[in-house]
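The values are calculated or read from the model by the stated rules, or taken from the named source; none is laboratory data. All values reported here derive from a predicted model rather than from experimental measurement. Quick reminder, even Gly has a Cβ in these numbers, built from the backbone with ideal geometry, and neighbours come from all protein chains shown. Surface areas here come from the heavy atoms of the whole protein model, side chains and all, with no ligands, DNA or RNA. Shrake-Rupley method; radii C 1.70, N 1.55, O 1.52, S 1.80 Å.
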Amino acid sequence: MLSKKCGVAEVISASKLATGVYELWIRTELAENARPGCFIGVYPKNQATLLPRPISICEVDREKNALRIVYRIAGKGTEEFSAYAAGDRVRILGILGNGYPLQEAEGKTVFLMGGGIGVPPILELAKSLKNCKKIIILGYRDDELFLKEDMEQYGKVYIATEDGSVGTKGNVMDVINEHKLNADLIYTCGPIPMLKAIKRFAREKQIPAYLSLEERMACGVGACLGCVCKTIHKDEHSHVHNARICTDGPVFLAEDVAILEEDK
Ligand SMILES: Cc1cc2nc3c(=O)[nH]c(=O)nc-3n(C[C@H](O)[C@H](O)[C@H](O)COP(=O)(O)OP(=O)(O)OC[C@H]3O[C@@H](n4cnc5c(N)ncnc54)[C@H](O)[C@@H]3O)c2cc1C
Ligand code: FES
């Protein structure tokens with residue numbers, strides 16, 4: 001179990017990566033325990049927005065005790081974060097969540113699939129996976145391909161854009177069809193329609209898929225049940241078929257969670 005701590009991080013650098021998409025590198029002792037697929041809670045300073053905002057770990061630099069987070073402005077909290085500058089201090093909670101199981105990939109051909117603001121956690125994952133063939137498939141709205149060049153250091157990258165301006169027109173599944181790609185294992189993060197399509201594909205091909213469910217959260221530490229999803233396993237405490245995404249996830253084996261209409 002990873003330790004969860006509240007701490008104050010210092011902003012090392014802040015920049016804009018695309019329209020409405022920003023990054024922060026922050027210095028924090030929590031970097032030591034950060035793993036791909038885990039996340040941190042970032043507290044807005046504005047007292048009107050009390051709860052920590054869950055943001056995935058995009059990259060870790062253990063030598064510098066630093067974490068990179070990349071986020072899209074969705075509301076008041078992320079808008080506040082987009083105005084941060086080097087030297088600012090930010091209260092964070094972490095390290096949260098279970099992360100992707102890396103050892104499963106040994107010797108395999110692996111799809112790393114990220115869609116939209118699900119792209120950031122795929123970077124640290126691509127960096128951390130060893131001894132496997134990595135096929136990275138990223139889906140964007142348009143030609144603002146944030147993090148694409150970072151990803152190219154770690155595997156072959158395929159792009160899908162909704163408007164067809166770069167790569168395959170459509171989504172990440174269209175890339176697989178167009179290039180007739182195959183894999184033994186899938187790791188993914190993205191919007192629910194994308195995760196549903198990937199679950200169906202993985203079921204048909206009979207390959208395991210690990211999905212990161214970046215659903216809405218409140219407390220982030222398992223206390224409020226604001227993030228439950230239906231699972232095939234019974235929760236040890238409540239004896240119901242629910243899992244808390246914030247503590248049991250956000251990464252789940254696709255076949256363990258009921259996200260498809262036919263699962264329910
Ligand atoms: C485990 C996890 C990891 C995440 N990682 C990232 C990341 O790396 N980068 C990133 O940009 N975002 C990420 N998110 C989503 C991010 O937490 C929300 O966008 C953020 O909390 C919104 O806060 P806000 O105050 O800006 O907006 P709010 O004012 O709280 O909400 C604004 C709008 O965004 C919607 N919204 C809020 N949370 C979510 C959510 N989780 N999914 C979809 N819509 C939402 C609300 O319904 C509302 O319409 C992650 C979420 C989870 C649960
Ligand atoms: S967000 Fe409170 S239990 Fe998950």
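Within segment 169-264, the percentage of alpha carbon pairs spaced more than 17 angstrom apart rounds to 52%.
The apolar share of the surface of the chain, taken as the fraction of accessible area on carbon and sulfur atoms (1.4 Å probe, ligands and nucleic acids excluded), comes to 48 percent. The separation of segment 171-249 from segment 93-136, counted between C-alpha centres, amounts to 14 Å. Take residue 130: with every protein chain present and a 1.4 Å probe, its accessible area is about 120 Å².
Is segment 103-211 best put as rounded, prolate or oblate by its Cα gyration tensor, with a ≥ b ≥ c the root eigenvalues, rounded for a/c under 1.5, and otherwise prolate when a/b is larger than b/c, oblate when not? Oblate, since a/c reaches 1.5 and b/c is not below a/b.
Cysteines in the chain lacking any other cysteine Cβ under 4.7 Å from their own Cβ: 6, 38, 58, 132, 189, 227, 229, 246. Taking only the alpha carbons of segment 5-96, we obtain Rg and Dmax values of 11.8, 36 Å in that order.
Pairwise inverse Cα distances across the chain, averaged and inverted, put the Kirkwood hydrodynamic radius at 18.7 Å. Assuming a ≥ b ≥ c are the square roots of the Cα gyration tensor eigenvalues, decide whether segment 2-54 counts as rounded (a/c under 1.5), prolate (otherwise, with a/b larger than b/c) or oblate. Verdict is oblate for segment 2-54. Residues whose amide H comes within less than 5 Å of that of residue 100, counting only those at least five positions distant or on another chain, are 37, 38 (H built at 1.01 Å from N in the peptide plane).
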